[in-house]
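Structure record follows, encoded as structure tokens.
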Amino acid sequence: LYLPPAAAAAPAPWVPPRAVPTQERVSLSSLAPWPVGRGRPADTPPPIAGLRDRTVLLVGDEAMIRTIGRTVLERSGFRVLTAEDGAEAVEVFGREREAVDLVIMDVTMPRMSGRDAYRELVRLDPAARVLFSTGYSAEELAELEGAVGLLNKPYRPDELLAAVRGALATAGPAA
């Protein structure tokens, strides 16, 4: 390809960056808090009507997933408690069970698995609502009957919010 000297020296035209498709996973940096007083970013979902100020206990051993999940939920109007494993989840739930409307819990965690923690939570409060977050299939989790749902990993923020909305719309554990 030959370009005359004048054309070769001309700056390239500006091309706007491509829009990020909604199917792409969310990075932690895109969820950084927005400055106070500047309003909500255009791509942040509004608080979920009728569910504002509900409390969610988010349990998982991956710090980045807890942080992103917490940010998405808080921006949607939820109060969020976190625990990094099943044993801590049982401890937090024991203290806060009157306030906790939903527990979102990973199945595989160190110290105490989600399966064992689920059994303890239901022992503490038979009406506990637990939404499992996992890569396992529903068939592999059949012994966890009574959970209000299954959120397959990996998931997008809109999938998390839809699962939370669905879990909170149920009357309680499916037992």
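The values are calculated or read from the model by the stated rules, or taken from the named source; none is laboratory data. The structure presented is a predicted model; accordingly, all values stated were derived computationally and were not measured. No Cβ is skipped: glycine too gets one built from the backbone with ideal geometry, and neighbour counts run over all protein chains shown. Each accessible area value is taken on the protein alone, full model and side chains, heavy atoms only, with ligands, DNA and RNA left out. Shrake-Rupley method; radii C 1.70, N 1.55, O 1.52, S 1.80 Å.
The relative contact order of segment 57-104 comes to 48 percent, based on Cα pairs under 8 Å that sit 6 or more residues apart. S113 contributes an accessible area of around 30 Å² to the protein surface, as traced by a 1.4 Å probe with all chains present. Accessible surface of M109, taken over heavy atoms with a 1.4 Å probe and every protein chain present, rounds to 20 Å². For trypsin sites (Lys or Arg not before Pro), the sites in segment 66-155 that DSSP calls loop and that have at most 16 other Cβ atoms within 10 Å are R97, R111.
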